[in-house]
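A.B. asks: Before I ask anything, let me first share the structure, which is written out below as structure tokens.
The values are calculated or read from the model by the stated rules, or taken from the named source; none is laboratory data. From a predicted model like this one, the values you see are computed outputs, not experimental measurements. Cβ sites come from the backbone with ideal geometry, for glycine too, and all protein chains shown count toward neighbours. To get the accessible areas, we keep the full protein, side chains included, count just its heavy atoms, and leave off ligands, DNA and RNA. Shrake-Rupley method; radii C 1.70, N 1.55, O 1.52, S 1.80 Å.
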Amino acid sequence: MSEDVGKKMYDLIEELYPICRSITGDGVRQTLDRIGSIVPLEVHEVPTGTQVFDWTVPREWNIEEAFIEDANGDRLIDFRDHSLHVMSYSTPVDAVLEWDELCQHLHTLPEHPDWIPYRTSYYEDNWGFCLAHHDLGRFKAGPFRVVIRSSLKDGSLTYAETVVSGATAREVLFFNHVCHPSLCNDNLSGNVVLAELARRLGEGQPKFTYRFVWAPGTIGSITWLSRNEATLPRIHAGLVSVLLGDAGPFHYKRTRRGTAEIDRVVEFVLEEQPLDAELLDFSPYGYDERQFGSPGIDAPVGRLTRTPNGAYEEYHSSADNLDFVRPEHLAQSLGVLERIVEVLEGNGCYRNTQPKCEPQLGKRGLYGSTGGSQPKQREHAMLWVLSMSDTKHSLLDICTKSGLGFDVVRDAANDLLAAGLLNECADPRHGELKELET
Amino acid sequence: MSEDVGKKMYDLIEELYPICRSITGDGVRQTLDRIGSIVPLEVHEVPTGTQVFDWTVPREWNIEEAFIEDANGDRLIDFRDHSLHVMSYSTPVDAVLEWDELCQHLHTLPEHPDWIPYRTSYYEDNWGFCLAHHDLGRFKAGPFRVVIRSSLKDGSLTYAETVVSGATAREVLFFNHVCHPSLCNDNLSGNVVLAELARRLGEGQPKFTYRFVWAPGTIGSITWLSRNEATLPRIHAGLVSVLLGDAGPFHYKRTRRGTAEIDRVVEFVLEEQPLDAELLDFSPYGYDERQFGSPGIDAPVGRLTRTPNGAYEEYHSSADNLDFVRPEHLAQSLGVLERIVEVLEGNGCYRNTQPKCEPQLGKRGLYGSTGGSQPKQREHAMLWVLSMSDTKHSLLDICTKSGLGFDVVRDAANDLLAAGLLNECADPRHGELKELET
Amino acid sequence: MSEDVGKKMYDLIEELYPICRSITGDGVRQTLDRIGSIVPLEVHEVPTGTQVFDWTVPREWNIEEAFIEDANGDRLIDFRDHSLHVMSYSTPVDAVLEWDELCQHLHTLPEHPDWIPYRTSYYEDNWGFCLAHHDLGRFKAGPFRVVIRSSLKDGSLTYAETVVSGATAREVLFFNHVCHPSLCNDNLSGNVVLAELARRLGEGQPKFTYRFVWAPGTIGSITWLSRNEATLPRIHAGLVSVLLGDAGPFHYKRTRRGTAEIDRVVEFVLEEQPLDAELLDFSPYGYDERQFGSPGIDAPVGRLTRTPNGAYEEYHSSADNLDFVRPEHLAQSLGVLERIVEVLEGNGCYRNTQPKCEPQLGKRGLYGSTGGSQPKQREHAMLWVLSMSDTKHSLLDICTKSGLGFDVVRDAANDLLAAGLLNECADPRHGELKELET
């Protein structure tokens, strides 16, 4: 089954791969349209010129065609072959240029002569072509005709959300970017894994309310935050999650706070997996987590990737293609995210109703009756939950302190709840949220 | 002399060894009677049916005889041979049984075929025999006659205390259990070492008041705590101390708080000994320290043993016998407890009366007069005590920070007190106790 | 140039070396007079008998000549050869003594038979001669004539200050002792390096006010503190700095608080140097830092030396001479002190004026416009400064967290200040100082 879901997500990447996305434009709309066939999406259009904190929503960019021809009329580079061939947000051009001038608009990766780089110029008018370094050899007889039929016009920035309502208004946020053209790991892997996670959560009755956002990077998260400041106090935990299809180990980048619930939960889940994983402290460079971690926002949103941005050779090049991501990695990433959700949902905080000495578990049928030998793991878990349920410790704290697994501790707490030996109480770290709910 | 005291304690163990103790009954009374010949004991009887927190004092159990005979009338197992042969709290039985039924009531240790296990069934009516696994071979021609002449009647739970009054009402508590039948390390070693410690303290003029309690495990500490809640705020430090006669290294299990005065003192004393020792964090499984560390009690009571419960093969079997404990280990354990008392008594907290710059020690005859060479350890200790006596640090803090030994620091403080350069003040960690004393 | 300044400081040591300094007297005055030719000094005279905290300013000591002659009238020891030959504060004597009596007044170092030890007896009337152990061989035919023409009279204790006024009244204090006779590293090296540092600071426009004090050890710092209690709340950072001319690694001894601004700055500067360095916790033995770190003073004053007092063989002996200190070590020590000043001056604390999400650096010309590739170190530094400028972190905190160097972070902050993206604010650790300034 996990192979099936991996294949299903991979097929969707294959379908979305050719589309030329950018931070605005029809490529984003097409992509969201297709994701909307998996989970119901609310699509938002934010007009060009809208002020979003220190930024302004830019003009909308679209592109029809682009190519370079040599003096013989042979096409040397054609946008139809690969959406990376044109620098994103290139202004329109139709000109005949000599090599000396043209070459200032060509971007290559000499260290990887077969790969096309990914380049953008969102906030400064410019145009450019990206190509494999070894294709420079084709540029012989100039002058060259250069055509980019693009448009930069007032329009809008597009993002989409889906919300799975839970028993409480406290929210768990999953955020990912949707602005990269034909690049598979960055960002299609995140786009499809989060879509599948949202679909699955929609089939259940979660405790928390789950919000998923697909938006362009940087300007998209800034736009979303500027329109959702009222939502921030309700965020119990959040993840920016992308780069989920490669073979690399998981990397979790902590929230600005460093000790938020999401930090504790992801660190715990990665540690219980039979996988290598690395923990990174917050830093102000990376993906959209840096907006959530800006000093005036400071939301409890971490970032989960496999190999991080910039840490693999294929990053931001045409080598981040359909061969670079695999169905089994997508399925494994989905599994880790589902386990994170499971632990977030299960991690309660309790008060022992019989806190003076141990309650007598035996008379409630919760403890073996023949003494003298060692208690079982379940009995150990009950003793730990009773001992630490003083309103100051969560079940995850109890796991960490006792060395016991989450499931046995969660089951023990359920038994004790059923026996009236525990009351649920608010996690002291989320006192402010408790008030919101009343 | 230390050999003498070891021999004296060992002889007492030998005397108490055959008695069949349990959580109630005459075996406990005989044991306390004998300990009462060493230190004056106040014996408490708590009636069956008394509610003690979540528990109820059970019926009192006594036993006259018990045996199993084969079809020929040959005795296969006889309680007179070893008090472990009968499962503690066995209900009375007089029946003739076939092997299939009998064997469900027999307990052995296949991995140690020569040893008799120790089993109890305090809170569920049941009966059983415990025997060496290799003695199963004697069970040939059935049916078998099974007799246990025991009684389970309304009576009382018995525990005893001795109190050595000190200059202050703040108390140091030593607690140990007295419910195990013929087992030497667990618990006779603790019973006799604490009796000797109490006797010795009674000969002096201690600063603190010392309370020693001998009580059955679990139900005994729960009963004591339910009747002594008013005593708890006066407890300055406490130790559950048992398993003191084997050759293993000392193990100190911290209080629930983890940083109480007793934690600091025992860790310091074990570190200054020329012995290996291990420090364990609090956990809710073990001996009576888990009742003192329950969330609604949270008393500063740690646990000192040599090899901990369950960590040696002979634990809870007939191999925990007179060969397993040695006079020299008992004497060494007593020595460590006496050093703990010495450091607890000596660990004051002071205020430097001349805190601006160093006071001139030379004019008070406290410092060598020829300068230029290095000061001596005693002079170093005076400088450290003056430097850190800002009401926030105890002498033990000063030892830890300076690396100096307790005795030189204690002597330096005494000299400075005599010179008027220090005032005694309450340890900030025990502010609440200060008020109690006024 | 650094060689020139090293030579200049070394030459001054050479000039001051022969003078017989003590905790009072004309030797100190001559020394301060010469230092006063480099920086303007305010010289203070505190009369004998003045009460300074627990101490009293002693009588003033001066010495004209001293010698020992044998029965033949041959001079065996002559103070004119070396100022260390007479124990400091020796009372006057003119007597003829047999060897048995004389030898009780002779001090040697048997483990270094060529070296003269340094001895003092400030607070107990006594006299003595110090000499190379191998010179004891000269003492043949007694009796011996012993002459010390010294005086102990009411006079005064002398110390000197220079103040370089800065933009704020918050002070940085440099303190050093000036009481040692012919010893080069201890204390002439500190005397001349601090004089040069003060001279250089006087040529600039510093942010902080810098105060330099030259005073006798112990009684001098106690006297200064007793007369300058009102200055203490203004001290932003301070250093006792001596032992700056040997080849050993730098040793920084932390303030009593352990985490003061000066602790952070010196630790950072020593770490960025291509040198080994050691950090020591505060202890109440050493130089005058122990008075600043006494519990009633608790000023943020650390101590910077190369090899610490007592940790080199030549310490407090005639081997601490003109060969033991080198121009290049003096210059290097000056360089480290200047870097400490630079970081102290530059280490501001700021508030990001656009704290919600990242401000758009590109539109302000602060960020490269072509996206997709990695940002430069300067851009990283700007992101870190913006991220951590939440009024709770200084630039040094940002360096430590980001791993970036101080200069690139300081430059980034300056760019952001110029762009209006930062406001300066008080370091939260110095809140009390802010009020003083208004």
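A.B. asks: Scan (1) more than 9 Å from chain B (Cβ to nearest Cβ); (2) outside any helix (DSSP H, G or I); (3) without any contact (Cβ under 8 Å) to a residue 40 or more places away in the chain for the single condition A:R378 breaks and write down its number.
C.D. replies: Evaluating A:R378 over (1) more than 9 Å from chain B (Cβ to nearest Cβ); (2) outside any helix (DSSP H, G or I); (3) without any contact (Cβ under 8 Å) to a residue 40 or more places away in the chain leaves (2) as the failure.
A.B. asks: For segment A:402-422, does any single residue satisfy the condition of being assigned to a helix (DSSP H, G or I), within 11 Å of chain B (Cβ to nearest Cβ) and surrounded by 15 or more Cβ atoms within 10 Å (Cβ to Cβ)?
C.D. replies: Yes, the conditions are met somewhere in segment A:402-422.
A.B. asks: Return the residues of segment A:89-114 that are under 12 Å from A:A66 (Cβ atoms) and surrounded by fewer than 13 Cβ atoms within 10 Å (Cβ to Cβ); say none if nothing qualifies.
C.D. replies: So the first thing to find is which residues in segment A:89-114 are under 12 Å from A:A66 (Cβ atoms), and the list is A:90-94, A:105.
The one that is under 12 Å from A:A66 (Cβ atoms) and surrounded by fewer than 13 Cβ atoms within 10 Å (Cβ to Cβ): A:D94.
A.B. asks: Can you confirm whether segment C:33-45 contains a residue that is within 14 Å of chain B (Cβ to nearest Cβ) and closer than 28 Å to C:Y159 by Cβ?
C.D. replies: The answer is no, given that none of the residues of segment C:33-45 is within 14 Å of chain B (Cβ to nearest Cβ) and closer than 28 Å to C:Y159 by Cβ.
A.B. asks: Taking the criterion of being open to solvent by less than 40 Å² (accessible area, probe 1.4 Å), more than 20 Å from A:I340 (Cβ to Cβ) and within 14 Å of chain C (Cβ to nearest Cβ), would at least one residue in segment A:183-201 satisfy it?
C.D. replies: Checking segment A:183-201: at least one residue is open to solvent by less than 40 Å² (accessible area, probe 1.4 Å), more than 20 Å from A:I340 (Cβ to Cβ) and within 14 Å of chain C (Cβ to nearest Cβ).
A.B. asks: Tell me the strands (runs of 3 or more DSSP E) entirely within segment B:277-371 that contain at least 3 residues that are away from every other protein chain (no Cβ under 14 Å) and either within 30 Å of B:D415 (Cβ to Cβ) or open to solvent by less than 10 Å² (accessible area, probe 1.4 Å) (or both).
C.D. replies: B:301-305
A.B. asks: Another one. Can you name the condition, by its number, that C:V172 falls short on among (1) outside any loop (DSSP other than H, G, I, E, B); (2) touching a helix residue (DSSP H, G or I) at 6+ places or on another chain (Cβ under 7 Å); (3) surrounded by fewer than 24 Cβ atoms within 10 Å (Cβ to Cβ)?
C.D. replies: (3)
A.B. asks: Quick check on my filter: what residues within segment C:258-276 are open to solvent by less than 50 Å² (accessible area, probe 1.4 Å) and either within 12 Å of another protein chain (Cβ to nearest Cβ) or within 16 Å of C:L337 (Cα to Cα) (or both)?
C.D. replies: C:G258, C:E261, C:I262, C:D263, C:V265, C:V266, C:E267, C:F268, C:V269, C:L270, C:Q273
A.B. asks: Go through segment A:202-268 and tell me which strands (runs of 3 or more DSSP E), entirely inside it, have 1 or more residues that are farther than 11 Å from A:L304 by Cα and in contact (Cβ under 8 Å) with a residue 40 or more places away in the chain.
C.D. replies: Working: elements: A:209-215, A:235-241, A:250-253.
Here the list reads A:209-215, A:235-241.
A.B. asks: Okay, moving on. Taking the condition of being farther than 23 Å from A:T259 by Cβ, within 11 Å of another protein chain (Cβ to nearest Cβ) and either of a type in the set (K, R) or surrounded by fewer than 21 Cβ atoms within 10 Å (Cβ to Cβ) (or both), how many residues in segment A:207-237 meet it?
C.D. replies: 2
A.B. asks: Scanning segment A:382-399 for residues that are under 15 Å from A:F268 (Cα atoms) and in a helix (DSSP H, G or I), which turns out nearest to the other protein chains (Cβ to nearest Cβ)?
C.D. replies: A:I398
A.B. asks: Of the residues B:V39, B:V43, which single one is in contact (Cβ under 8 Å) with a residue 12 or more places away in the chain and outside any loop (DSSP other than H, G, I, E, B)?
C.D. replies: Of the residues listed, the single one that is in contact (Cβ under 8 Å) with a residue 12 or more places away in the chain and outside any loop (DSSP other than H, G, I, E, B) is B:V43.
A.B. asks: Please work out which one of (1) among the polar types (S, T, N, Q); (2) more than 18 Å from A:S294 (Cα to Cα); (3) modelled with pLDDT of 95 or more is the condition C:S369 fails and give its number.
C.D. replies: It fails just one condition, (3).
A.B. asks: Select from segment B:238-257 the residues that are more than 19 Å from A:K356 (Cα to Cα) and open to solvent by less than 30 Å² (accessible area, probe 1.4 Å) and list them in ascending order.
C.D. replies: B:S241, B:V242, B:L243, B:L244, B:G245, B:D246, B:G248, B:F250, B:H251, B:Y252, B:K253
A.B. asks: Looking at B:I63, B:I68, can you tell me which residue is in contact with a Leu (Cβ under 7 Å, 6 or more places away or on another chain) and either part of a strand (DSSP E or B) or basic (K, R) (or both)?
C.D. replies: Going through B:I63, B:I68 in turn, just one is in contact with a Leu (Cβ under 7 Å, 6 or more places away or on another chain) and either part of a strand (DSSP E or B) or basic (K, R) (or both): B:I68.
A.B. asks: Might you check whether a residue that is farther than 24 Å from A:F208 by Cβ, out of contact with any Leu (no Cβ under 6 Å at 6 or more places or on another chain) and within 14 Å of chain C (Cβ to nearest Cβ) occurs anywhere in segment A:242-251?
C.D. replies: Checked against the condition, which is being farther than 24 Å from A:F208 by Cβ, out of contact with any Leu (no Cβ under 6 Å at 6 or more places or on another chain) and within 14 Å of chain C (Cβ to nearest Cβ), segment A:242-251 yields no hits at all.
A.B. asks: Then there's this: Please determine whether any residue of segment B:24-31 is in contact (Cβ under 8 Å) with a residue 40 or more places away in the chain and not in a helix (DSSP H, G or I).
C.D. replies: Yes - at least one qualifying residue is present in segment B:24-31.
A.B. asks: Just to be sure I understand, how many residues within segment B:96-140 are touching a helix residue (DSSP H, G or I) at 6+ places or on another chain (Cβ under 9 Å) and not in a helix (DSSP H, G or I)?
C.D. replies: Residues of segment B:96-140 that are touching a helix residue (DSSP H, G or I) at 6+ places or on another chain (Cβ under 9 Å), as a first pass: B:97, B:103, B:106, B:108-119, B:122-124, B:126-131, B:136, B:139.
Remaining after also requiring not in a helix (DSSP H, G or I): B:97, B:106, B:108-119, B:122-124, B:126-131, B:139.
The number of residues fulfilling the criteria is 24.
A.B. asks: A further question follows. Before we move on, is A:E124 closer than 30 Å to A:L334 by Cβ and either charged (D, E, K, R) or touching a Ser or Thr at 6+ places or on another chain (Cβ under 8 Å) (or both)?
C.D. replies: no
A.B. asks: Of the conditions (1) in contact with a helix residue (DSSP H, G or I) (Cβ under 9 Å, 6 or more places away or on another chain); (2) in a loop (DSSP other than H, G, I, E, B), C:G73 satisfies every one except a single condition; which number is it?
C.D. replies: (1)
A.B. asks: Moving on to the next point. Among the listed residues A:I38, A:I63, A:I19, which satisfies the condition of being aliphatic (A, V, I, L, M), open to solvent by 20 Å² or more (accessible area, probe 1.4 Å) and touching a Gly at 6+ places or on another chain (Cβ under 7 Å)? Before you say what the answer is, go through the steps one by one.
C.D. replies: Working: A:I38 fails: touching a Gly at 6+ places or on another chain (Cβ under 7 Å); A:I63 fails: touching a Gly at 6+ places or on another chain (Cβ under 7 Å).
Exactly one residue qualifies, and that residue is A:I19.
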